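Okay, here's the structure, questions in a sec.
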Amino acid sequence: MPKVALPPFVTESDTAHPVLGGGLGPYSFQLISDPGGLTQFGAFIEELPPGSTSGRRHWHETEDEMILMLAGEVVLVEETETTLRAGDAACWPAGAPVGHRLDNRSDAPARYLVIGTRNQRDVIHYTDHDLITHKDGPARRYLRRDGTDWPERRKE
């Protein structure tokens with residue numbers, strides 16, 4: 001296949017989770033796998049400006065995830081905190097109950113490559129919240145840890 005023409009970065013002002021709401025700060029992303037026609041795994045570059053976080057701490061039952069730092073610095077927040085810089089990588093195997101997120105606490109943008117499995121079905125656990133998301137294709141079901149449904153979604 002020839003060289004892939006990558007689309008420009010897309011900037012989101014803030015991402016509002018359907019249950020947990022927003023407040024993560026802005027970020028930008030550039031898709032790689034979709035323009036390349038890949039279907040087995042997803043790959044994109046994400047850029048976090050200073051003060052932004054990548055998401056809520058979470059882990060996946062059926063999806064592998066990894067990041068490779070390209071530029072800047074982030075703090076990997078798990079049970080402990082680890083600073084990651086250009087050239088550092090972090091991996092989370094499917095089913096490993098290690099909630100994780102990235103915070104940009106520096107004064108410069110941070111850029112990293114994200115690669116993950118594209119399972120149509122997954123269960124996502126949010127470590128710091130009483131929330132488990134069941135993903136089945138585009139459908140999502142939001143449950144508390146005890147298996148009861150969330151009463152409503154946030155409108156943020």
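Taking amide H positions as placed in the peptide plane 1.01 Å from N, state which residues far from Leu70 in sequence (5 or more) or on other chains have amide H under 5 Å from it.
Those qualifying (amide H under 5 Å, at least 5 residues apart or on another chain) are Gly87, Arg111, Tyr112, Leu113.
Just rank Lys3, Lys135, fewest to most, by other beta-carbon atoms within 10 angstrom. Walk me through the numbers before you get to the answer.
Numbers: Lys3 6, Lys135 18.
Arranged by neighbour count, lowest to highest, Lys3, Lys135 become Lys3, Lys135.
Tell me which of Pro50, Pro35, Phe9 sits at the most positive position along the dipole axis of the chain, charges placed on C-beta atoms (Lys, Arg +1; Asp, Glu -1).
Of Pro50, Pro35, Phe9, it is Pro35.
Of Asp128, Asp88, Asp14, which is the most mobile in a GNM of the chain whose springs link Cα atoms less than 10 angstrom apart?
Answer for the Gaussian network model of the chain: Asp128.
Mind sorting out which of (i) 21, 19, 15; (ii) 25, 20, 16; (iii) 27, 17, 14 is the real semi-axes √(5λ) of the Cα gyration tensor in Å computed from the coordinates?
Evaluating semi-axes √(5λ) of the Cα gyration tensor in Å on these atoms matches (ii).
By count of other Cβ within 10 Å, fewest leading, how are Asp64, Asp136 ordered? Mind showing how you got there, number by number?
Values: Asp64 16, Asp136 11.
Lowest to highest Cβ neighbour count: Asp136, Asp64.
Can you tell me the dipole magnitude for the chain around its Cα centre, using point charges on the Cβ only (Lys, Arg +1; Asp, Glu -1), in Debye to the nearest 20?
Numbers: 17 positive and 24 negative charges, 77 e Å.
The dipole of the chain has a size of about 380 debye.
Turning to a different aspect of this structure: Taking only Cα atoms and a 10 Å spring cutoff, compute GNM fluctuations for the chain and point out the largest among Leu70, Leu38, Leu24.
Comparing Leu70, Leu38, Leu24 in the GNM, the peak value goes to Leu38.
Taking θ = phi - 60°, what integer Hz values does the Karplus form 6.51 cos²θ - 1.76 cosθ + 1.60 yield along segment 91-99, in sequence order, with x for Gly and Pro?
Going residue by residue, I get 10, 10, x, 3, x, 7, x, 10, x Hz, with x marking Gly and Pro.
Then there is this: Please identify which residues in segment 20-60 have an amide N closer than 19 Å to a label point set 7 Å out from the Cα of Thr82, following the Cα→Cβ vector.
Taking a point 7 Å out along Cα→Cβ of Thr82, the residues of segment 20-60 whose backbone N falls under 19 Å are 54-60.
Just so you know, all these numbers are worked out from the coordinates, no wet-lab data involved. Only a predicted model underlies this, so the values are computations on that prediction, with no experimental measurement involved. Heads up, the Cβs are rebuilt from the backbone with ideal geometry, glycines too, and the neighbour counts pull from every protein chain shown.
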